[in-house]
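Have a look at the structure below, then the notes.
The values are calculated or read from the model by the stated rules, or taken from the named source; none is laboratory data. Quick caveat: nothing in here was measured; it's all calculated off a predicted structure. Cβ atoms come from the backbone with ideal geometry, glycine included; neighbour counts cover every protein chain shown.
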Amino acid sequence: MSRFSVKDRTILITGASRGIGKAFALGFKEEGAIVYGTGSSDKSISWMSESGIIGKVNNVLEQDNIKDIIEEIKTKHGKLDVLINNAGISKDIPGSALSEKDMEELISVNFKAVFRASQAYYKTHKTKGGNIINIASVLGLRGFALATVYSGTKGAVIQLTKACASEWTRNNFRLNAICPGFINTDMVSGMTSKESMLKEINSKIPMKRMGTTEDLVGAAIFLASDASSYITGQSIVVDGGLTEIV
């Protein structure tokens, strides 16, 4: 079997109903993994069963919900092999206009929920080991206009990844982050709806195009496989070269 194989591994992807998470779910399923994907409602995950993906409703703001899902997977399969913390939100609002509610929502979804899921996974698999892939952002490495608190939360996810990787390695846990650049999803539609802005963004990217959700799948499969067994606490940047020049 290839060292890059994820066949028969159990994968849980949060925020898998659309965008990057959906691409991950379909990509891992195509590679033969047993894929669980979460979404915020029954409607958002209704497409999954047709693709052989096991959908679960998860409100990332509820503390025990993700723990219950992880426990269910452990009971059914013996172990959750990989947790991908993908669920996240953005708000294209100038920093001076962000409300307290906006800030709390960004922090709760983009940071607290990531740690909560990671902690639940670690606590239930301390004797089994595990593998966590956190989806951060290049905006966690470089600040960007209209993404003040969002950039802060993604920077926090990167540091959380490093800290937990150091602390939890004693229990055979690996943690790494993927930092996407500008990926063509609904999340960036507010910035790319104008042709002039889209051209400006593309002009800053050495590869002269925004990324697709499929561009991220290979990095996730690599980190989920044995091919990356000696890699932990790292951030893989997938951005078409953007951070090399910005």
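Here are the numbers:
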item	result
Lone unmet requirement of (1) of a type in the set (S, T, N, Q); (2) assigned to a helix (DSSP H, G or I); (3) more than 16 Å from Ile236 (Cβ to Cβ) for Gln159	(3)
Criterion (within 29 Å of Phe222 (Cβ to Cβ), assigned to a helix (DSSP H, G or I) and either at pLDDT 95 or above or of a type outside the set (Val, Ile, Thr) (or both)) met by exactly one of Ser108, Ser151, Ser96	Ser151
Strands (runs of 3 or more DSSP E) wholly inside the stretch 1-59 containing at least 2 residues that are within 18 Å of Asp186 (Cβ to Cβ) and within 17 Å of the chain's Cα centre (by Cα)	34-39
Candidate set: the stretch 199-209, residues that are touching a residue at least 12 places away in the same chain (Cβ under 8 Å) and within 17 Å of Ala145 (Cβ to Cβ); chosen: the one surrounded by the fewest Cβ atoms within 10 Å (Cβ to Cβ)	Lys204
Options Ile84, Ile73: the member that is in a strand (DSSP E or B), at pLDDT 95 or above and closer than 23 Å to Thr232 by Cβ	Ile84
Count of residues meeting criterion [within 24 Å of Met197 (Cβ to Cβ) and either assigned to a helix (DSSP H, G or I) or at pLDDT below 95 (or both)] in the stretch 116-140	3
Selection count where residues are of a type in the set (Gly, Ala, Ser), assigned to a helix (DSSP H, G or I) and farther than 16 Å from Ile132 by Cα, scope the stretch 200-246	1
Where Ala97 falls short, out of the listed (1) more than 16 Å from Leu175 (Cβ to Cβ); (2) surrounded by 15 or more Cβ atoms within 10 Å (Cβ to Cβ); (3) out of contact with any Phe, Trp or Tyr (no Cβ under 6 Å at 6 or more places or on another chain)	(2)
Within the stretch 185-211, considering residues that are acidic (Asp, Glu) and over 22 Å from the mean Cα position of the chain (by Cα), the one modelled with the highest pLDDT	Glu200
Residues of the stretch 133-164 satisfying the condition of being closer than 20 Å to Gly95 by Cβ, in contact (Cβ under 8 Å) with a residue 40 or more places away in the chain and of a type in the set (Ser, Thr, Tyr)	Ser137, Thr148, Tyr150, Thr153
In the stretch 162-180, the residues that are part of a helix (DSSP H, G or I) and either of a type in the set (Asp, Glu) or under 21 Å from Ile201 (Cα atoms) (or both)	Glu167
Qualifying residue in the stretch 227-245 (condition: within 26 Å of Pro94 (Cα to Cα), modelled with pLDDT under 95 and buried (at least 19 other Cβ atoms within 10 Å of the Cβ))	yes
From Gly37, Gly52, residue being crowded, with 19+ Cβ neighbours inside 10 Å, without any contact (Cβ under 8 Å) to a residue 40 or more places away in the chain and small (Gly, Ala, Ser)	Gly37
Every pair of residues 6+ apart whose Cβ atoms lie under 7 Å, when the first sits in the stretch 222-239 and is in contact (Cβ under 8 Å) with a residue 24 or more places away in the chain and charged (D, E, K, R) while the second is part of a helix (DSSP H, G or I) and crowded, with 16+ Cβ neighbours inside 10 Å	Asp239/Val138
